[in-house]
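Let me begin by presenting the structure, written as structure tokens, before commenting on it.
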Amino acid sequence: MDERSAVISIGGEEYELILTTRATKVIAQRYGGLENLGDKLMKSENFEMALDEIVWLITLLANQSVEIFNLKNPNDKKPELTAETVELLTSPFELAEYKNAIMESMSKGIKRNIQSEESSKNAEVE
């Protein structure tokens, strides 16, 4: 499992949700940036629209791991998920649970590791 991912099960098969640079660009095109995504999910006009957005995100993020696998294993490719497959193999209850996995994968994807270095800039003056 990638340290940037969260795992969900769809139809008995595990998928890693990964926020890649490619997925970030696609999300930005759809929502105007990652910062607008949460607002869109929380403020969807109706239940059907909210489900559509979650299914779209799950499909996008799960397919990142499929595409990475296929890139690394050109002779043993896996099929990509479709929104229709996600809709058929999940329940609305599961989609609500997957929202947490979406947020987890996104926070891992944008996590920054910041290390401070010793420098004379903050040294004590004697």
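Out of Glu16, Glu35, Glu53, which single residue is at pLDDT 80 or above and part of a helix (DSSP H, G or I)?
When all the criteria are applied, what remains is Glu53.
Pairs under 7 Å by beta carbon, first residue open to solvent by less than 20 Å² (accessible area, probe 1.4 Å) and among the charged types (D, E, K, R) in the stretch 46-70, partner in a helix (DSSP H, G or I) and modelled with pLDDT of 90 or more, six or more apart or different chains?
Qualifying pairs under 7 Å: none.
Taking Glu97, is it acidic (Asp, Glu), in contact with a strand residue (DSSP E or B) (Cβ under 9 Å, 6 or more places away or on another chain), open to solvent by 60 Å² or more (accessible area, probe 1.4 Å) and modelled with pLDDT of 80 or more?
Here the answer is yes, as Glu97 does meet what is asked.
The values are calculated or read from the model by the stated rules, or taken from the named source; none is laboratory data. All values derive from a computational prediction rather than experimental measurement. For neighbour counting, all protein chains shown are included, and Cβ atoms are generated from backbone atoms with ideal geometry for every residue, glycine included. In case anyone asks, the SASA skips ligands and DNA or RNA and just uses the protein heavy atoms, side chains included. Shrake-Rupley method; radii C 1.70, N 1.55, O 1.52, S 1.80 Å.
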